[in-house]
1. From the set of residues in the stretch 231-287 that are outside any helix (DSSP H, G or I) and of a type in the set (Ser, Thr, Tyr), which is farthest from Phe94 (Cα to Cα)?
2. Restricting to the stretch 86-101, and then to whatever is of a type in the set (Ser, Thr, Tyr) and more than 13 Å from Val250 (Cβ to Cβ), can you tell me which residue is surrounded by the fewest Cβ atoms within 10 Å (Cβ to Cβ)?
3. Just need a number here: residues in the stretch 118-144 that are buried (at least 19 other Cβ atoms within 10 Å of the Cβ), within 12 Å of the ligand (Cβ to nearest atom) and at pLDDT 95 or above.
4. Among the strands (runs of 3 or more DSSP E) contained in the stretch 138-214, which hold 3 or more residues that are closer than 24 Å to Asp54 by Cα and over 18 Å from the mean Cα position of the chain (by Cα)?
5. Which members of the stretch 163-201 meet the condition of being surrounded by 13 or more Cβ atoms within 10 Å (Cβ to Cβ), within 19 Å of Asn62 (Cα to Cα) and not hydroxyl-bearing (Ser, Thr, Tyr)?
6. Inspect all residues belonging to the stretch 44-51 and state whether any of them is hydrophobic (A, V, I, L, M, F, W, C) and either surrounded by fewer than 24 Cβ atoms within 10 Å (Cβ to Cβ) or not assigned by TED's automatic domain parsing to the domain that holds Asp127 (or both).
7. With (1) modelled with pLDDT under 75; (2) within 15 Å of the ligand (Cβ to nearest atom) as the list, and Pro219 as the residue in question, which single condition is left unmet?
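The values are calculated or read from the model by the stated rules, or taken from the named source; none is laboratory data. Note that this is a predicted model, so its numbers are computed, not measured. Note that each Cβ is placed from the backbone with ideal geometry, even for glycine, and that neighbours are counted across all protein chains shown.
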Amino acid sequence: MGLNIIVLVKQVPDTQNITGDAMKEDGTVNRAALPAIFNPEDLYALEGALRLKDRIPGTRVNVITMGPLAAAVVLRECLYRGADFTALISDRGFAGADTLATSYALKCAIEKIGKYDLVFSGRQAIDGDTAQVGPQTAEKLGINQITCVSKIEKIDPAQGEIVARRSVEGGWERVKARLPVLITFTDEGEPPRPASAKRLMSYKRVSPQPETAESGASPGSGPSALALWDIAAIKADPVQCGLSGSPTKVKTINSVVLTAGEIRYIDAGDQGVAGLVHELIADHTLG
Ligand SMILES: Cc1cc2nc3c(=O)[nH]c(=O)nc-3n(C[C@H](O)[C@H](O)[C@H](O)COP(=O)(O)OP(=O)(O)OC[C@H]3O[C@@H](n4cnc5c(N)ncnc54)[C@H](O)[C@@H]3O)c2cc1C
């Protein structure tokens with residue numbers, strides 16, 4: 001019995017290359033000023049899904065991203081690696097979304113796809129680093145969640161059970177959950193596969209195909225392997241999307257550069273540590 005898997009991926013600005021104009025005046029990211037890349041942990045989520053597709057005949061891998069039209073690049077990358085169907089949810093009304101509005105829109109898109117056993121996402125995106133979108137999406141769907149997973153150890157579609165290895169401080173734990181479940185992946189898992197040359201030739205010209213609420217979800221192949229859904233298509237409430245659905249506003253981001261002069265070595269013994277603690281209390285860093 002095949003599985004229906006939905007993977008959430010995000011195109012992110014390359015935060016290794018932050019420049020002075022990285023933020024706009026309204027506190028949102030100036031994506032045009034930064035090179036865009038596939039969020040690194042999302043590649044591990046996709047790989048986790050593709051490995052299950054390799055193992056379990058009849059498994060389908062659907063991928064969703066919310067972003068501008070340019071984010072179709074990461075969806076084509078998913079098709080090159082083995083995804084069956086991708087959907088770009090894009091609408092001016094999604095702009096300025098925080099994690100609450102993002103997870104609401106993703107939940108509506110997941111429900112449009114309909115039947116699913118597993119939802120995979122990265123643990124966190126390198127631009128926001130909140131790690132909230134996966135858990136919030138699970139909460140909104142009303143399904144189980146396992147976060148910080150490095151490996152799917154066992155899955156039994158007939159019994160509706162999954163066992164995953166989850167990273168914790170200083171080690172890992174094995175967690176069993178009932179399907180459907182949302183899993184967030186770290187980058188400690190199986191290395192993401194490269195694009196297949198054959199699939200790249202098949203999908204390189206695929207562009208997002210607009211689909212309305214009326215035309216319905218019909219995950220297909222060929223050109224329809226990349227759907228374009230707006231707010232109406234996913235039947236979302238516009239008030240809960242974008243800036244209007246976002247209680248969080250980012251005022252500014254700063255690039256903090258530590259210089260060698262700010263490093264001080266202390267004696268690793270009791271006396272050195274006690275001295276450091278006193279200093280930190282004195283300058284109100286502690287206490
Ligand atoms: C510097 C900075 C600070 C921010 N601080 C906050 C804050 O404190 N509170 C807040 O609510 N928002 C904040 N935001 C906004 C937030 O980053 C965006 O709302 C973003 O769309 C979702 O959050 P994230 O990138 O932190 O995702 P995370 O929760 O870190 O992402 C986890 C996973 O969810 C999936 N995912 C996330 N976004 C999408 C998407 N658009 N499409 C498909 N899958 C997705 C991916 O699989 C990803 O790996 C901040 C943004 C910036 C740039």
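1. Among those that are outside any helix (DSSP H, G or I) and of a type in the set (Ser, Thr, Tyr), it is Tyr265.
2. Across the stretch 86-101, the extreme among qualifying residues is Ser90.
3. 12
4. Per the criteria, 144-156, 161-168, 171-178.
5. Those that are surrounded by 13 or more Cβ atoms within 10 Å (Cβ to Cβ), within 19 Å of Asn62 (Cα to Cα) and not hydroxyl-bearing (Ser, Thr, Tyr): Leu179, Pro180, Val181, Leu182, Ile183, Phe185, Pro192, Arg193, Ala195, Arg199, Leu200.
6. Yes; the residues of the stretch 44-51 include at least one that is hydrophobic (A, V, I, L, M, F, W, C) and either surrounded by fewer than 24 Cβ atoms within 10 Å (Cβ to Cβ) or not assigned by TED's automatic domain parsing to the domain that holds Asp127 (or both).
7. Looking at each condition in turn, Pro219 falls short on (2).
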